[in-house]
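Just below is one structure, and these are the notes that go with it.
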Amino acid sequence: MVTKVVDLRSDTVTKPTEAMRAAMAAADVDDDVLGADPTAQRFEAEMAKLMGKEAALFVPSGTMANLVSVLVHCDVRGSEVILGDNSHIHIYENGGISTIGGVHPRTVKNNPDGTMDIDKIVAAIRNRAGALLYPTTRLICLENTHANCGGKCLSAEYTDKVGEVAKSHGLKLHIDGARIFNASVALGVPVDRLVKAADSVSVCLSKGLGAPVGSVIVGSQAFIDKAKILRKTLGGGMRQIGVVCAAAYVAVRDTVGKLADDHRKAKALAEGLKKIKQFKVDSASVETNMVFFDIMDPRISPDRLCQVLEQRNVLAMPASSKSMRFVLHYQISDSDVKYALTCVEVCKSLEYIHLSLLAFNFCDNTVFMFSESC
C-alpha cells in the first residue's frame with residue numbers, strides 16, 4: 001500500500017525545507033510595521049536588487065500583492081486597467097480591484113501563449129477626450145508565467161513592446177510575476193531583464209520556490225512608499241515578519257536552481273500522458289512546471305478521474321469540465337512522476353472508474369480492495 005501522497009494539485013502545496021525552518025527559528029526580528037524588522041529589511045533589499053528595482057515590500061499573499069500594485073497605479077476611482085481575459089487578477093482574485101479599489105477591468109483576449117496582441121492593447125486604451133463617458137485607462141497588466149495558458153513564458157522582447165505602448169500613452173505596466181522565476185529559468189534570461197519594462201512586479205514566494213507564505217512587490221521607492229500605506233489599510237501590516245522573510249530568503253537562494261528540474265519532469269509527465277489515447281496533450285507546449293491535458297472520452301469527467309486518482313494517493317485538480325492540470329514542484333521526484341503515470345494509465349479505463357466510484361460509495365474497505373487489485 002502506497003503511503004506517500006503525490007500532490008500535483010499546485011506548486012502552492014510545497015512545504016518549507018529544513019533549511020527554511022532553521023532560518024525561521026534563528027531569525028533576528030522586530031516590529032516591521034514600525035519599520036524595524038532587520039530580516040525583513042535585508043530580504044526586501046535583496047529582492048529589489050535581484051529584480052532590478054529600487055525597493056521591495058513583503059506582503060502576506062499574491063492576491064494582496066496584485067491588489068496593492070493596481071491600487072497604487074490607479075489611485076483615482078473610475079480608473080481602468082487593461083488585462084488578459086484569462087488572467088489571474090481578472091478571474092481568481094475575487095474582483096478585488098473593482099470591489100475594493102473602484103478600478104474597472106477592460107479585458108483583452110489572451111492568446112494561447114499568454115500574450116495579448118499589441119494592436120488590441122492599443123485599441124483598448126481609452127481616448128482621453130471621452131473622459132465624460134469612459135473610465136480613464138491608467139494601467140496595463142501582464143502575467144508571467146501565464147497560469148491559465150499552461151504556464152507559458154512571456155519574452156523580454158514582448159514585455160518591452162507592451163512597456164513601450166504603456167509609456168507612449170502615459171500608462172503604467174504591472175507584471176503579475178507569481179512564477180517569474182520559472183519564466184526566467186525556462187527562457188534562460190535573467191529575471192531583472194524580464195521585468196525591466198515594468199513599473200511594478202509581484203513575485204510569489206510560496207509557489208514553486210517553496211516558502212511557507214508571502215509575496216513581494218518591487219518597484220520605485222515612491223511606488224513602494226505608497227504600497228506600504230495600502231498594505232496597512234488592507235490589513236497586511238504585520239509585526240515580526242522576519243520569521244517568514246528568513247524562510248523566503250532561503251527559498252530564493254536554494255530553490256530557483258531547482259526549477260529547471262521541475263520543468264524537465266513536467267515535460268516527462270506530458271510525454272507519458274501523450275501516449276494514452278483517452279487524453280490529448282501538446283507536450284511541445286509545456287514550457288515550465290504545468291501540464292494541462294484534455295480528456296477525449298466524453299464519459300470520463302475530470303472530477304471522476306481526480307476521485308479515482310486520490311484513492312491511489314495521487315492528488316490533482318480539474319482545469320475545466322473537460323480538462324485537467326498537473327503542477328510539478330521540488331517535492332515531486334522522478335519516481336513520483338512514473339507512479340502518477342502508472343495510476344493514470346490504470347484509471348483511464350471507464351470501467352475502472354465506474355467500479356471504483358461504486359466501491360467508494362460502498363465502504364472504505366472495498367475502496368482499498370479495488371484500488372489495490374488493479
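Taking the conditions (1) touching a strand residue (DSSP E or B) at 6+ places or on another chain (Cβ under 8 Å); (2) at pLDDT below 95 in turn, Arg231 satisfies each one other than (2). The number of residues in region 126-138 that are within 18 Å of Ile97 (Cα to Cα) and part of a loop (DSSP other than H, G, I, E, B) comes to 2. Kindly indicate whether Leu187 is more than 30 Å from Val13 (Cβ to Cβ), at pLDDT 95 or above and under 19 Å from the mean Cα position of the chain (by Cα). The answer is no for Leu187. Go through (1) under 11 Å from Leu8 (Cβ atoms); (2) at pLDDT 95 or above and name the single condition Pro318 misses. Condition not satisfied by Pro318: (1). Annotation note: of Glu80, Glu44, the sole residue that is of a type in the set (D, E, K, R), modelled with pLDDT of 95 or more and within 18 Å of Ala198 (Cβ to Cβ) is Glu44. Once region 11-30 is narrowed to residues that are outside any helix (DSSP H, G or I) and either among the aliphatic types (A, V, I, L, M) or within 17 Å of the chain's Cα centre (by Cα) (or both), the residue that is surrounded by the fewest Cβ atoms within 10 Å (Cβ to Cβ) is Lys15.
The values are calculated or read from the model by the stated rules, or taken from the named source; none is laboratory data. Keep in mind it's a predicted model, so treat the numbers as computed, not measured. Note that we place each Cβ from the backbone using ideal geometry, even for glycine, and neighbour counts take in every protein chain shown.
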